[in-house]
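Undergrad: My questions will all concern the structure given below.
The values are calculated or read from the model by the stated rules, or taken from the named source; none is laboratory data. The structure presented is a predicted model; accordingly, all values stated were derived computationally and were not measured. Glycine gets a Cβ as well: all are built from the backbone with ideal geometry, and neighbour counts include every protein chain shown. Please note that ligands, DNA and RNA were not included when accessible areas were found on the heavy atoms of the full protein model with its side chains. Shrake-Rupley method; radii C 1.70, N 1.55, O 1.52, S 1.80 Å.
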Amino acid sequence: MDIDLILRVYPHFLKAALVTVELSVLTVLLGLVCGAAAAAARLSRFAILRFIGAAYVSLMRGIPALIFLFLLYFGGPQIGIQLTAFQAGVIGLGINIGAYMTETMRGAIISVDHGQAEAARTLGLSQFQSFRKVILPQAMRLMIRPLGVNINAQIKGTALVAAISVVELTYTAQRYIGSTYKPFEMFFLAGILYLIIITVTGKMISFLDRRVRLP
Amino acid sequence: MTEKTPFVDIRHAQKAYGDLEVLKDINLTVSKGEIVAIIGPSGSGKSTLLRAINDLDPLSSGEVLLEGVQVNKTLPHRQYEKHINEMRQHIGMVFQHFNLFPHLTVRENVTMAPKLLKGLSNAEADQLAEEQLAHVGMSERIDYYPSQLSGGQKQRVAIARALAMKPKLMLFDEATSALDPELVEEVNLVMKKLAEEHMTMIIVTHEMDFAASVCDRVIFMDGGVVVEEGPPSVVFQNPTQERTKNFLRKHLAQYAESSK
């Protein structure tokens, strides 16, 4: 292994890793927003909203994220959607991971014991009050770890945007292979950096989970 | 009982799940201050009837009135919500599995609804929690979480939580069925205390001794109908119906067995 080469190129990789972090944060935030909205739709008492929520989930889980990304970035201009590669990456992957997050959030909400809502409603709380004060605080605790799994997948999933030339970690590794002909070193370095990002994120999620855990 | 105005009035209560009729034209009135036990085998419809009183399990047809006001009104969604939330503030309910809010302390469990629905200040709410918890002997655990309490303690907090809304009527749905035998008594004592304070109570229970010692009237249900009702002395000692006799024979035998 060419350690000298790694030491020479790693500052560029660090910069690319920052782009990966940025992509991860933005896609996860967008995913959380989409997920919360679609989970609410799926749990709505209106059939049309439930249908829209379910359709979104099956659609996004049913097609490869890469195809959706291509559709948005390459196919978008045909229907009047002009996005930069970075924008397409964030929007495409964010909407995609949102579908998985929808199911995580919905699962957490419906796994709160039904007796909780009954107790709240019996006291005279409205549906909304009982959701906000009783169901949601319990569901949020339940969803931290499974959302952590979604986030872990999403961080690694940002590698897909290399295919539309966003200069992030994977793309950078590929580019340096072109000039150095050292794929092992380049992918090894990229892999280590992904591992660091994932490990730190995992620690943050565990910390959060412990912080809000009930006695 | 001195006062005999119908406080709770259940008229032609009927409920079916598909072909299965769980309540068949039940008529029942309860007076203010009266303590009524509903007994019967599982599947007799007793819990369903209790849960119909605050419309938690809506009836298929029939009416439930509290002080002459219909609880289970048919209204458009928003209006119904407003109406039922208002009615439920007057009807406390205690569940078999306590259903305390695990993310809130004992104090917060008791004060949440009064703060949200009656706009109590923190100081007022704290005072209320202290009063209500003292009443059920749980003052010392005011800042504990439910998971740190025994089953009997949880149920006493659940009673305090219901009482904090100052209900006119209390419903108990097998409040002691999930408790270890040695914890039943502390909950029964709290319920007895409420009885002495003339709280109107409707109690679904499997505990015949408790029903006999505390209740003014016992209702025996089987197969979705009221088979027999009367003062405990009559229903327990001189039941007229064969089904009541069978049930009591089995249940009292079981009871004698388990308390050996």
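Undergrad: Quick one: what does P(r) look like for region A:11-97 with 5 Å bins over all Cα pairs, in whole %?
TA: Over region A:11-97, the share of Cα pairs per 5 Å bin runs 3, 15, 18, 20, 19, 14, 7, 3, 1, 1, 0 percent.
Undergrad: Separate question: In Å, what Kirkwood hydrodynamic radius results for region A:76-135 from the alpha-carbon pair distances?
TA: 14.5
Undergrad: Let me ask something else. Are any of the pairs B:LYS154/B:LYS192; B:LYS166/B:LYS192; B:LYS168/B:LYS250; B:LYS154/B:LYS245; B:LYS168/B:LYS192; B:LYS24/B:LYS245 more than 28 Å apart by Cα-Cα distance, and if so, which?
TA: As for pairs spanning more than 28 Å Cα to Cα, those are B:LYS168/B:LYS250; B:LYS154/B:LYS245.
Undergrad: Can you compute the helix-only [θ] at 222 nm over chain B? Use -39500 (n - 2.57) per DSSP H run of at least 4 residues, normalise by all residues, nearest 500 deg cm²/dmol.
TA: -12000 deg cm²/dmol
Undergrad: Stokes-Einstein diffusion coefficient for the protein assembly as shown at 4 °C in a medium of 1.567 mPa s, Rh from the Kirkwood formula over Cα pairs: what value in µm²/s?
TA: Translational D for this selection: 49 µm²/s.
Undergrad: Find how many whole Å separate the alpha carbon centroid of region B:169-201 from the alpha carbon centroid of region B:73-127.
TA: Between the Cα centre of region B:73-127 and that of region B:169-201, the gap is 20 Å.
Undergrad: What is the Cα coordinate range of chain B on the first, second and third principal axes, sorted by size from largest, in whole angstrom?
TA: Principal extents (largest minus smallest coordinate, Cα): 56, 52, 39 Å.
Undergrad: Work out the length of the dipole vector of region A:3-213 about its Cα centre, built from +1 on the beta-carbon of each Lys and Arg and -1 on the beta-carbon of each Asp and Glu, and round it to the nearest 20 debye.
TA: Dipole about the Cα centre, nearest 20: 560 debye.
Undergrad: Tell me the net charge near B:HIS135. Cut-off is 11 Å between Cβ atoms, B:HIS135 excluded, with +1 for each Lys or Arg and -1 for each Asp or Glu.
TA: Overall, the nearby charge balance is -1.
Undergrad: Rounded to the nearest 0.05, what FRET efficiency do B:GLN14 and A:ASP209 have when you use their Cβ-Cβ distance and R0 = 51 Å?
TA: 0.60
Undergrad: Taking the radius of gyration and the Kirkwood hydrodynamic radius from Cα positions alone, what is the Rg/Rh ratio for region A:3-213, to two decimal places?
TA: 1.07
Undergrad: Hey, what's the per residue convex hull volume over the C-alpha atoms of region B:142-216, in cubic angstrom?
TA: Per residue, the Cα convex hull of region B:142-216 comes to 94 Å³.
Undergrad: Within 10 Å of each Cβ of B:73-82, how many other protein chain Cβ atoms are there on average?
TA: Taking all residues of B:73-82 together, the mean is 1.
Undergrad: Is any helix in chain A, taking whole DSSP H runs, at least 18 angstrom long along its axis by alpha carbon and on average at least -1.0 on the Kyte-Doolittle scale, and which ones?
TA: Qualifying helices, which must be both long enough and hydrophobic enough, are A:3-42, A:47-62, A:85-110, A:136-157, A:183-212.
Undergrad: Mind checking the mean number of beta-carbon atoms from other chains within 10 Å of the Cβ atoms in A:109-122?
TA: Average per residue, whole number: 5.
Undergrad: Same structure, new question: Within region A:3-213, what whole-number % of the accessible surface is contributed by carbon and sulfur, with the 1.4 Å probe and all protein chains included in the calculation?
TA: 70
Undergrad: List every residue whose amide H lies under 5 Å from the amide H of B:TYR144, counting only residues 5 or more places away in sequence or on a different chain, with H placed 1.01 Å from N in the peptide plane.
TA: B:VAL106, B:ARG107
Undergrad: Right, here's the next one. On a 18 Å Cα-Cα criterion, which of the cross-link pairs B:LYS32/B:LYS115; B:LYS15/B:LYS46; A:LYS156/A:LYS203 come out too long?
TA: Among B:LYS32/B:LYS115; B:LYS15/B:LYS46; A:LYS156/A:LYS203, the Cα-Cα distance tops 18 Å for B:LYS32/B:LYS115.
Undergrad: What's the ranking of A:181-191, B:203-213 by average number of surrounding C-beta atoms within 10 Å, highest first?
TA: B:203-213, A:181-191
Undergrad: Would you mind working out the accessible area per residue for the protein assembly as shown, using a 1.4 Å probe, and quoting it in Å²?
TA: 48
Undergrad: Let me ask you something else. Over all residues in B:112-118, what is the mean tally of Cβ atoms on other chains that come within 10 Å of each residue's Cβ?
TA: Average per residue, whole number: 5.
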